[in-house]
Amino acid sequence: MRVEFANRAFRLGYSYSFYLLFMELSMMVMKNPMVSWLSMLVLLGIYVLNYLVRDRVLRIWPLALINAAVGALCWLLPEITLQKLLLSGACFGLFLSGSGFVMQNGRYRPMQDVPWPAFLLGVVATIAGITNHIPRLVVLSMILTLLTVVFYLLIIYTDGIRKYIESTRDVSGIPMQRIIKINSWIVACIIVGMLVMILLGELLNLPDAFTRLGEALLDLVRIFALGVGLFFKWIARLFQSEDGKEELTDERQFLRKEIAGNRTMPELMTVVLKLMILALVLYVLVRIFARIFRFLVAKYQKDTPQQVVEITKKDQKVRLKRGHIFDRAKTYLSMEERARRIYKKRVLEYRKKSHPSDTETVQDICEGLRQDEGVSMRELTALYEAIRYGNVVPDRAYLSRMKKADRK
């Protein structure tokens, strides 16, 4: 129950962080202020309400009524029109996802292998912040994207724990609490490491450094375009008069000033230096977490006695691995399989009311047909027994003899 609750809470956090970044991107690109704290709290309330209601309803119409009412109430907030529209859009999106949850009998769709929507939205928000000179959007895109990734990893972790519990439901003696505690410590260390990286990135002013590097790279692209244009103009001047030389000289001087003023290399070195500091801190954290993990494993192994794992369900069916399609076709067309089909077809032809059970032998079937249907299949039974229990390898003549056996 705790694992299920945690899984749903992490899914709520994943969706909330993703949509909040989308709202921030929409507001800032449209030259509006950031999303207010009131709207953040209202959006969180909308998500919590939807995740609570969808677990307690069996039809779609209660979700539709609740989201329609909440979406209408959003227009009463003292916010600008775009923000109200985004909150109402959240109600509509949650209604669609909640409807899918209800129609799938309370089951969430499995998460994708890579959270590419979160990465894509983060990249778009970062590029939009750089090109529109909005440093706050760059910072928010990095923070919310990393937060979304953290929630994604927690969802994958709780999904794995839930599947493991379901698969070992019929197995007794597994130290489940020890496994969950160790895995939880590992996930907690990963999350702490990511949060430390985020805080250290803020202290090093890494988002602004990436912003300046992006602007410098854009200036470098512009300088390259100017150089290409100047090259083609120089080619064109070779076939014209001397009047355009002064204009070409001015363009050369302007290009030189642009090249001298470009700070791509200094900004790149600054970013590389800060990334090296982050990598060093990350290495130290990994070493510390590895020691903590080894200590926990040794502690649990010392405190927990050895337990015998027993399967409580004995009648497990084992599915045999089937061969390749060509092997199955070869088996189907073999003489032995054709003989089996001849025998089976004859038995079903006479025994129309009931099919033979798995426990009946060929002699039981033969005797049952004689008593119930008054049909004798002694010759066909003997021929089939020679194949199934003997060493007879049938050929076409043998199969033809089976078809004619016991026929009036």
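How much accessible area per residue does the stretch 36-160 have, in Å², with a 1.4 Å probe?
Working: 6750 Å² over 125 residues.
Value returned for the stretch 36-160: 54 Å² of accessible area per residue.
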Considering the options Val35, Leu25, Val102, tell which one lies farthest towards the positive end of the dipole of the stretch 17-103, charges being +1 on Lys and Arg and -1 on Asp and Glu at the Cβ, about the Cα centre.
Val102
If each K or R counts +1 and each D or E counts -1, the residues other than Val35 whose Cβ falls under 10 Å of its Cβ total -2
If you count, for each residue, the other Cβ atoms within 10 Å and average over each peptide, how do 81-92, 36-47, 52-63 line up from highest to lowest?
81-92, 36-47, 52-63
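With +1 on each Lys and Arg Cβ and -1 on each Asp and Glu Cβ, how big is the dipole of the stretch 349-404 about its Cα centre, in debye rounded to the nearest 20?
320 debye
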Subtract the Cα-Cα distance of Trp116 and Ala397 from 0.36 nm times their separation in residues, and report this length gain in nm to one decimal.
94.7 nm
Quick check: pseudo-label points 7 Å beyond the Cα along Cα→Cβ at Tyr332 and Arg109, how many nm apart are they?
3.5 nm
Can you work out the FRET efficiency for the pair Phe231 and Leu278, with r the C-beta to C-beta distance and R0 = 41 Å, to the nearest 0.05?
0.50
Between Arg340 and Leu41, 0.36 nm times their residue separation minus their Cα-Cα distance comes to what?
100.5 nm
Sulfur and carbon atoms: percent of accessible area, the stretch 1-94 [1.4 Å]
77 percent
Which of Lys344, Lys274, Lys163 is most accessible, then next, and so on - probe 1.4 Å
Lys163, Lys344, Lys274
If I stretch the segment between Lys404 and Arg162 completely, what's the gain in nm (0.36 nm per residue apart, minus their alpha carbon distance), one decimal?
81.2 nm
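The values are calculated or read from the model by the stated rules, or taken from the named source; none is laboratory data. Only a predicted model underlies this, so the values are computations on that prediction, with no experimental measurement involved. For neighbour counting, all protein chains shown are included, and Cβ atoms are generated from backbone atoms with ideal geometry for every residue, glycine included. The accessibility values were calculated without ligands, DNA or RNA, using every heavy atom of the protein model including side chains. Shrake-Rupley method; radii C 1.70, N 1.55, O 1.52, S 1.80 Å.
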